[in-house]
Amino acid sequence: MFDRIATVYDKLNHILSFGMDFFWRTRLAGMVEKKKQLKILDLATGTGDLLIAILRKNPNITEAIGLDISENMLAICKKKIAAYNLSQKVKLIRSDADSSGLPDNTYDLITMGFGIRNTPDSPKTLSEIFRLLNKNGTALILEFSIPSNRLIKFLYILYLRIWVPFIGRFVSGDKKAYRYLNTSIEEFHNMKEFSSLMQKTGFKNITATPLAFGIACIYQGSKINS
C-alpha cells in the first residue's frame, strides 16, 4: 500500500493535517537530547520527513539509520536526504520495524513517526525498540490518537470517516489506502493504553504529550530510570 501512495504521501500528509504535521515533527525534534553525540534510528522512516527534521535541529547526531519496509518510500527518502546534504550521516535500510535484525543495545535514540499503528503487532514493535536501545537510550514516538473531549472527538471522527477517504482518493486515486488511514487511527490505542504498553515493555519515565487537542501525541520513554 505504501509503495502505491509513495509519490503523493507527503502532499497528502500536509493537506490532511492542515500543515500541522510540520509542527508535530519539529516539536519532537526539539525533545532530542542536545548535550552529547547521538547515534539514532528512525523506524518506519517513510519519505524521511521526521528523520530530516531531527537531523537539521540536532547537529550533535553523528550517525543515523532510517528503516522502512517500503522500497518506493525509501527511494524518495534517499533523494530528500541528499538534497539536504545529509547523506554522510544517514544509512537507509529496508526492513520490518518489529524485526529489524539490527544488534542489541546499539542506539541512543529511536524515533518513529506515524508508523507504529501500521505495524502488525505494536507490542512486538515496542519490544524491538527496547531491545535496540542502549542502556541510557530514549524512545520518542509520534502517533495519531483520538481526543478525549467529546465534541472534538465527534468532529474528528466525522472528518476521518468522510473527508479523509474523499480527499485521499481525489489526490492519490487510491481509495483503499485512505480508508485504511481512518480505521487504523480509530482502532489504535488511546494515550493511556499506549503508555501502559510502554510500561509493560519495560520503559521508564514515560510521558505522553498531546498535540492539537489530542489528535496526535508524542510518547517518550527511557530504558532506565533517570
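Peptides 184-192, 20-28, 60-68: what's the order by average Cβ count within 10 Å, highest mean first?
Working: 184-192: 14.9, 20-28: 17.9, 60-68: 20.4.
In decreasing order of mean packing, 184-192, 20-28, 60-68 become 60-68, 20-28, 184-192.
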Amide H neighbours of Ile69 at under 5 Å, excluding residues fewer than 5 places away on the same chain, with H built from the backbone geometry, are Ser95
Applying the gyration tensor rule to the Cα atoms of the chain (axes a ≥ b ≥ c; rounded if a/c under 1.5, else prolate if a/b exceeds b/c, else oblate), the class is oblate
Counting only residues 5 or more apart in sequence or on a different chain, those whose built amide H sits under 5 Å from that of Lys89 are none
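Which of rounded, prolate, oblate describes segment 83-180, given a ≥ b ≥ c as roots of the alpha-carbon gyration tensor eigenvalues and a/c under 1.5 marking rounded, otherwise prolate only if a/b is larger than b/c?
Working: a/c = 2.35, a/b = 1.69, b/c = 1.39.
Here segment 83-180 falls in the prolate category.
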Of Ile93, Ile152, Ile69, the most mobile residue in a GNM of the chain (C-alpha springs, cutoff 10 Å) is Ile152
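Just order 77-85, 108-116 by mean Cβ neighbour count inside 10 Å, highest at the front, would you?
Details: 77-85: 14.9, 108-116: 24.6.
Most protected by this proxy first, the peptides run 108-116, 77-85.
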GNM of the chain, Cα pairs under 10 angstrom: of Leu155, Leu12, Leu197, the biggest fluctuation goes to Leu155
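All of the numbers you see were taken from the coordinates with simple rules; none came from a lab. Bear in mind the structure is a predicted one, so any value in this text is a computation, not a measurement. Cβ atoms come from the backbone with ideal geometry, glycine included; neighbour counts cover every protein chain shown.
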